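Undergrad: This is the structure I have questions about; it appears just below.
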Amino acid sequence: MATATGDRYERAVALFEGGDYQGCRELVLEELSERPKDAALLRLAGKASTELDLDDAASYLQQAVEVEPDNADAWRDLAEAHLYRNRLTDAMEAIRQAVELRPEETEGLVDLGLSAYAAGRHDDAIAQLNKAVEREPGNVAARRALVDVYRATGKNQEALKAAEQLLQLQPDDVLATLDAAELNLALGRPENAVSEYSRLGAIDDDPEHEVYAYHGMIQAEITRNRWRRALDLAIEATRVDRYGRTTDVLAYVVAEVFGQADRPAPSRAEVDEALAASQAEHRRLHTEENVVF
């Protein structure tokens, strides 16, 4: 089967790798005018068009898989082009083809699971991600995706179990610990949540993140009406809080312990909102390092 070779193809590849997608595409199209059934050229044209957000990307990649139907990488390229255009059903079919060609790889199963979730096929998503975990128990990306999908679909008990299993692999995983803490709180287990938030403070080595662990523990202690302990934690949080995010929380807890002062304290709803925002910010900071979907 014809495969692109020669100086112009190599130059096109160099342009693509250097980020000059327009130059790459123009050079590849010149080559395709002479060799329209060359799979490597078709793939490169499709990938360049994908980067340029052009409508013809999937067309070139579809031609590539027709020329080389046993090329799993070509099917993955086609899936990516469909995902760029939010064609989730087409993307899933392309990923399925890649998985069938390389059944030993878990990456395709994870992609398939996340695509199924994006398409609203939640049971299928969970099934594919569980299959990935069964195939490769040590695959952190698959386990993290499973936690995220369980949480997003409201299956908190299953999400907690998945998070705990991930922590067995990576005890110092900040995101998984945060998941375990939040899920324990959501499931009415504040004492377990306190334990996880406390551990979170120990494993997150960024000094500016210390306040987030305190905020989590405060939320858990408020939930079980342990106001004196919440007060101690709020004082500690205020000590390390450079941006004053704990001021209103402290005022609320002080009012609960000693009664209302002259100045009205924030409401419980306002405090809950502030603590939730704090936890969301902490998650965002770490999610940027561990994007799943």
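The values are calculated or read from the model by the stated rules, or taken from the named source; none is laboratory data. Note that this is a predicted model, so its numbers are computed, not measured. Using ideal geometry, Cβ is built from the backbone for each residue, glycine included, and neighbour counts are taken over all protein chains shown.
Undergrad: Say we look at the range 30-75 and pick out the residues that are part of a helix (DSSP H, G or I) and in contact (Cβ under 8 Å) with a residue 40 or more places away in the chain; which of these is surrounded by the most Cβ atoms within 10 Å (Cβ to Cβ)?
TA: Step one: of the range 30-75, the residues part of a helix (DSSP H, G or I) are 30-34, 39-51, 57-67, 72-75.
Right, trim to in contact (Cβ under 8 Å) with a residue 40 or more places away in the chain and you get 44, 67.
Working: Leu44: 27, Val67: 20.
The residue in question is Leu44.
Undergrad: Condition (residue is surrounded by 14 or more Cβ atoms within 10 Å (Cβ to Cβ), within 21 Å of Ala125 (Cα to Cα) and in contact with a Gly (Cβ under 9 Å, 6 or more places away or on another chain)) applied to the range 82-95: is it met by at least one residue?
TA: Quick first cut of the range 82-95, residues surrounded by 14 or more Cβ atoms within 10 Å (Cβ to Cβ) only: 82-85, 87-88, 90-95.
Now narrow it down to the ones that are within 21 Å of Ala125 (Cα to Cα): 82-85, 87-88, 90-95.
Next, from what is left, pick out any that are in contact with a Gly (Cβ under 9 Å, 6 or more places away or on another chain): 88, 95.
Yes: the range 82-95 contains one or more residues that are surrounded by 14 or more Cβ atoms within 10 Å (Cβ to Cβ), within 21 Å of Ala125 (Cα to Cα) and in contact with a Gly (Cβ under 9 Å, 6 or more places away or on another chain).
Undergrad: If you don't mind, another one. Kindly indicate whether Thr223 is of a type in the set (Val, Ile, Thr), in contact (Cβ under 8 Å) with a residue 24 or more places away in the chain and at negative phi. Walk me through how you get there before you give the answer.
TA: Values: of a type in the set (Val, Ile, Thr): yes; in contact (Cβ under 8 Å) with a residue 24 or more places away in the chain: yes; at negative phi: yes.
Yes; evaluated as a whole, the condition is true for this residue.
Undergrad: Next question. Please go through the range 51-64 and give me each residue that is of a type in the set (A, V, I, L, M) and over 29 Å from the mean Cα position of the chain (by Cα), ordered by number. Quick ask: steps written out before the conclusion?
TA: First pass over the range 51-64, keeping only residues of a type in the set (A, V, I, L, M): 52, 54, 57-58, 61, 64.
Passing the criteria: only Ala64.
Undergrad: Looking at Leu27, Leu78, can you tell me which residue is surrounded by fewer than 24 Cβ atoms within 10 Å (Cβ to Cβ), in a helix (DSSP H, G or I) and either touching a helix residue (DSSP H, G or I) at 6+ places or on another chain (Cβ under 6 Å) or assigned by TED's automatic domain parsing to the domain that holds Leu112 (or both)? Explain how you work it out, then say what you get.
TA: Numbers: Leu78 fails: surrounded by fewer than 24 Cβ atoms within 10 Å (Cβ to Cβ).
That would be Leu27, the only listed residue that is surrounded by fewer than 24 Cβ atoms within 10 Å (Cβ to Cβ), in a helix (DSSP H, G or I) and either touching a helix residue (DSSP H, G or I) at 6+ places or on another chain (Cβ under 6 Å) or assigned by TED's automatic domain parsing to the domain that holds Leu112 (or both).
Undergrad: Among the listed residues Val257, Val249, Val292, Val240, identify the single one that is at pLDDT below 90 and outside the structural domain of Ala145 (by TED's automatic domain parsing).
TA: Numbers: Val257 fails: at pLDDT below 90; Val249 fails: at pLDDT below 90; Val240 fails: at pLDDT below 90.
Just a single option satisfies the conditions, and that option is Val292.
Undergrad: Here's a follow-up. Looking at Ala163, Ala181, Ala142, which is the one that is crowded, with 19+ Cβ neighbours inside 10 Å, in a helix (DSSP H, G or I), in contact (Cβ under 8 Å) with a residue 24 or more places away in the chain and not assigned by TED's automatic domain parsing to the domain that holds Gly113?
TA: Working: Ala163 fails: in contact (Cβ under 8 Å) with a residue 24 or more places away in the chain; Ala142 fails: not assigned by TED's automatic domain parsing to the domain that holds Gly113.
Of the residues listed, the single one that is crowded, with 19+ Cβ neighbours inside 10 Å, in a helix (DSSP H, G or I), in contact (Cβ under 8 Å) with a residue 24 or more places away in the chain and not assigned by TED's automatic domain parsing to the domain that holds Gly113 is Ala181.
Undergrad: Report the residue count in the range 227-257 for those that are part of a helix (DSSP H, G or I), basic (Lys, Arg) and closer than 16 Å to Glu210 by Cα. Reasoning before the result, please.
TA: Keep residues of the range 227-257 that are part of a helix (DSSP H, G or I), which gives 227-240, 247-257.
Filter once more, keeping what is basic (Lys, Arg): 228-229, 239.
This time we only want the ones that are closer than 16 Å to Glu210 by Cα, so: 239.
Selection size over the range 227-257: 1.
Undergrad: Looking only at the range 209-225, filter to residues that are among the hydroxyl-bearing types (Ser, Thr, Tyr) and within 25 Å of the chain's Cα centre (by Cα); which one of those is surrounded by the most Cβ atoms within 10 Å (Cβ to Cβ)? Even if it seems obvious, please write down each step before you answer.
TA: Taking the range 209-225 as the starting set, the residues that turn out to be among the hydroxyl-bearing types (Ser, Thr, Tyr) are 212, 214, 223.
Next, from what is left, pick out any that are within 25 Å of the chain's Cα centre (by Cα): 212, 214.
Values: Tyr212: 29, Tyr214: 26.
So, considering only residues that are among the hydroxyl-bearing types (Ser, Thr, Tyr) and within 25 Å of the chain's Cα centre (by Cα), the one surrounded by the most Cβ atoms within 10 Å (Cβ to Cβ) is Tyr212.
Undergrad: May I ask you to list the residues in the range 228-264 that are surrounded by 15 or more Cβ atoms within 10 Å (Cβ to Cβ) and among the aromatic types (Phe, Trp, Tyr)?
TA: Within the range 228-264, just Tyr252 meets the criteria.
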